Amino acid sequence: MAEERMRGKRARRTARPTGTGASRRRVREPQLERTRSRAGSVVAATTGMLGVSSTRRAAVLAIVVCALALTVVVPLRNYVAQQQELAAVSEQQEALAAEVDELRRERTRLADPAVIAAEARSRLGYVAPGETPYVVQLPEPPDAETVEDPFLTEPWYRRLWRDVSEGPP
């Protein structure tokens, strides 16, 4: 076995050109080329990688793109829905914070006893001891005269026929 290796190495060494030149290229032996028929060259031109036609490659590519799109659509839709929900909740939180601030200001305003007394007088009509209350009653606006309908007692279908034939009063 070792002798065969040595012979192979010697044979390779002798096959190399022994020159002082810088190029140490291997000498390639000419290989036999297969001749293709015209039909074979057409088939070779239409089939691409791995012997699959371009139509099949396009179909496989379309299926892969559709599969990728479907796997991306659902998480993307969820992301967009969550972003919209987050914006709505943030807006609601800002509105509630503004309402809390308004209620705090109202609470500090109502902490003053003078404001409480003024509110009791205006809303509830309270009077301090020793004061004389006056109640002003405004006159009611005059009512427009109500005209009584002389045909009020007649049945609805006669009134309807009269309105249709004569027109509205």
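The values are calculated or read from the model by the stated rules, or taken from the named source; none is laboratory data. Worth saying up front: this structure is predicted, and the values here are computed from it rather than measured. Backbone-built Cβ (ideal geometry, glycine too); neighbour counts: all protein chains shown. Each accessible area value is taken on the protein alone, full model and side chains, heavy atoms only, with ligands, DNA and RNA left out. Shrake-Rupley method; radii C 1.70, N 1.55, O 1.52, S 1.80 Å.
Look at the stretch 110-167 and say how many of its residues are in a helix (DSSP H, G or I) and either in contact with a helix residue (DSSP H, G or I) (Cβ under 9 Å, 6 or more places away or on another chain) or not polar (S, T, N, Q) (or both).
Residues flagged as in a helix (DSSP H, G or I) and either in contact with a helix residue (DSSP H, G or I) (Cβ under 9 Å, 6 or more places away or on another chain) or not polar (S, T, N, Q) (or both) within the stretch 110-167 amount to 22.
A quick yes/no check of all residues on (1) loosely packed, with under 10 Cβ neighbours inside 10 Å; (2) at pLDDT 95 or above; (3) part of a helix (DSSP H, G or I); (4) on the phi < 0 side of the Ramachandran plot:
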residue: ARG12; (1), (2), (3), (4): no, no, yes, yes
residue: GLY19; (1), (2), (3), (4): yes, no, no, yes
residue: GLU29; (1), (2), (3), (4): yes, no, no, yes
residue: GLU33; (1), (2), (3), (4): yes, no, no, yes
residue: VAL43; (1), (2), (3), (4): no, no, yes, yes
residue: LEU50; (1), (2), (3), (4): yes, no, yes, no
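Step by step: first the residues of the stretch 93-140, then only those that are open to solvent by less than 100 Å² (accessible area, probe 1.4 Å) and among the hydroxyl-bearing types (Ser, Thr, Tyr), then the one that is farthest from the chain's Cα centre (by Cα). Which residue is that?
THR132
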